[in-house]
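Student: Following this message is one structure expressed as structure tokens.
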Amino acid sequence: AASNSNSMISQSICYGKSGGTLKFDYDLISEEPTEYLNSKYDDRLDVILIVNGQEQKVLSKGVNDSTWLPTPIAIDFAGGDSTTYHTGWQTATIPLTDVTSGAQLVLRFNVTDIGDSSYDTAAIIDNIRVE
């Protein structure tokens, strides 16, 4: 039977300036490429920015719409198999044009394992910054 599972982490931010650009680096790692590429097993990283209670999806990347490279070292998640791929470090850029000083922000990272719980996907997030 198909099942979905997910992991989520979020950070609340009291934004002290107006405008600017939010950036972060990420590397998506998965056991599903290339065996399950272009299938229903489209594990995803979704990033949601919540500004004063209003949610906006600012990034959505998954198995079917990413470019995959073999991982430089073997990664063997529990279950699945020992073939893993990753996107390599990517930088996401989110304009904060309409965000004013004093806004309450929440940045939420969610990884969903879609259609199975055997072949896993994970995300590494680093270097969150405002420019």
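Student: Could we say that TYR41 is farther than 19 Å from ILE125 by Cβ, surrounded by 12 or more Cβ atoms within 10 Å (Cβ to Cβ) and of a type in the set (Phe, Trp, Tyr) here?
Tutor: For TYR41, the condition - farther than 19 Å from ILE125 by Cβ, surrounded by 12 or more Cβ atoms within 10 Å (Cβ to Cβ) and of a type in the set (Phe, Trp, Tyr) - is met.
Condition check ((1) out of contact with any strand residue (DSSP E or B) (no Cβ under 9 Å at 6 or more places or on another chain); (2) over 17 Å from ASP113 (Cα atoms); (3) open to solvent by less than 40 Å² (accessible area, probe 1.4 Å)) across all residues:
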position: PRO70; (1), (2), (3): no, yes, no
position: ILE73; (1), (2), (3): yes, yes, no
position: ALA78; (1), (2), (3): yes, no, no
position: THR83; (1), (2), (3): no, no, no
position: HIS86; (1), (2), (3): no, no, yes
position: THR93; (1), (2), (3): no, yes, no
position: LEU96; (1), (2), (3): no, yes, yes
position: VAL99; (1), (2), (3): no, yes, yes
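Student: Moving to a separate point now. When the residues of segment 48-83 are narrowed to those that are at pLDDT 90 or above and of a type in the set (Ser, Thr, Tyr), which ends up nearest to SER7 (Cα to Cα)?
Tutor: So, considering only residues that are at pLDDT 90 or above and of a type in the set (Ser, Thr, Tyr), the one nearest to SER7 (Cα to Cα) is SER60.
Student: Now a separate question. If TYR15 satisfies all but one of (1) closer than 30 Å to VAL99 by Cβ; (2) open to solvent by 50 Å² or more (accessible area, probe 1.4 Å); (3) modelled with pLDDT under 90, what's the number of the condition it fails?
Tutor: Going through (1) closer than 30 Å to VAL99 by Cβ; (2) open to solvent by 50 Å² or more (accessible area, probe 1.4 Å); (3) modelled with pLDDT under 90 one by one, TYR15 breaks only (2).
Student: Can you confirm whether ASP113 is more than 30 Å from GLU131 (Cα to Cα), open to solvent by less than 30 Å² (accessible area, probe 1.4 Å) and not β-branched (Val, Ile, Thr)?
Tutor: Working: more than 30 Å from GLU131 (Cα to Cα): yes; open to solvent by less than 30 Å² (accessible area, probe 1.4 Å): yes; not β-branched (Val, Ile, Thr): yes.
Criteria met by ASP113.
The values are calculated or read from the model by the stated rules, or taken from the named source; none is laboratory data. Computed from a predicted model, the values in this text were never measured in an experiment. Backbone-built Cβ (ideal geometry, glycine too); neighbour counts: all protein chains shown. Just the protein is used for accessible areas: all its heavy atoms, side chains included, with ligands, DNA and RNA removed. Shrake-Rupley method; radii C 1.70, N 1.55, O 1.52, S 1.80 Å.
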